[in-house]
Every structure is written in C-alpha cells, then in structure tokens.
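Engineer: First the structure, which I've put down as structure tokens, then a few questions once you've had a look.
The values are calculated or read from the model by the stated rules, or taken from the named source; none is laboratory data. These numbers were taken from a predicted model, which means no experiment stands behind them. When we count neighbours, we look across all protein chains shown, and the Cβ atoms used for this are built from the backbone with ideal geometry, even at glycine.
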Amino acid sequence: MQQALSEKIGGIESKVRQLASKLERLQEENSALLDENKKLKKDLIQKNTEIIGLEKRSKILPLAEKTSRDEDKRSKQLKKEIAQYIKEIDKCIDWLQNS
C-alpha cells in the first residue's frame with residue numbers, strides 16, 4: 001500500500017514537472033509573440049505614416065500639374081496679347097512717321 005502511494009506521488013511529481021516545463025515554454029513563446037506583436041505594430045504605424053505622406057503627395061501633384069498647365073496657358077495668352085500690342089505700337093509709329 002505504501003508503495004502504491006509512493007508510486008502515485010511519484011507520478012504526480014512527474015506530471016507537475018511536465019506542467020512546469022510546459023508552462024515555461026508557453027511563457028517564453030508568449031514573450032516572443034508579444035515582442036513580435038510590438039514590432040509589427042511599430043511597422044504598421046510606420047507604414048501608415050508613409051501611406052498618409054504618399055496620399056498627401058498624390059493629392060498635391062495633380063494640383064501642381066493643373067496649376068502648371070494653367071500657368072502655361074496664361075503665359076501663352078499673355079505672349080499673344082503682348083505681340084498684338086507690339087503690332088499696334090508699330091502701326092502707330094509708322095502712322096506718326098508718315099504723317
């Protein structure tokens with residue numbers, strides 16, 4: 001009877017050691033997963049920041065291109081007007097010289 005009790009206690013001790021070992025492995029794994037999770041969250045924040053920056057740039061670029069096209073169009077229009085004024089001034093100078 002004493003031997004049976006001793007065997008049961010030995011079996012319980014063995015199972016407790018197995019559980020303690022398993023608990024230690026799970027705690028190490030949990031710690032590694034928490035570290036990885038922190039790293040991934042940090043990466044996610046960085047990527048989101050990059051995305052926001054790219055979105056802002058993508059909104060600005062079309063506006064800049066549109067502004068540039070508008071400025072080019074306005075510049076051409078002004079050049080035409082200046083050329084027209086020069087022609088009119090030349091006509092006035094010719095008229096004055098011939099009068």
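Engineer: When you go through Lys76, Lys87, Lys80 one by one, which is the residue that is under 39 Å from the mean Cα position of the chain (by Cα) and in a helix (DSSP H, G or I)?
Structural biologist: Lys76
Engineer: Okay, next question. Which residue, of Ile82, Ile12, Ile86, Ile52, is out of contact with any Gly (no Cβ under 8 Å at 6 or more places or on another chain), modelled with pLDDT under 90 and β-branched (Val, Ile, Thr)?
Structural biologist: Checking each option against the conditions leaves just Ile52.
Engineer: Let me ask you something else. Got at least one residue in the stretch 36-54 being among the aliphatic types (A, V, I, L, M) and over 39 Å from the mean Cα position of the chain (by Cα)?
Structural biologist: No, the stretch 36-54 has no match at all.
Engineer: Another question, then. Within the stretch 1-18, can one find any residue that is part of a helix (DSSP H, G or I), loosely packed, with under 10 Cβ neighbours inside 10 Å and under 25 Å from the mean Cα position of the chain (by Cα)?
Structural biologist: Looking through the stretch 1-18, none of the residues is part of a helix (DSSP H, G or I), loosely packed, with under 10 Cβ neighbours inside 10 Å and under 25 Å from the mean Cα position of the chain (by Cα).
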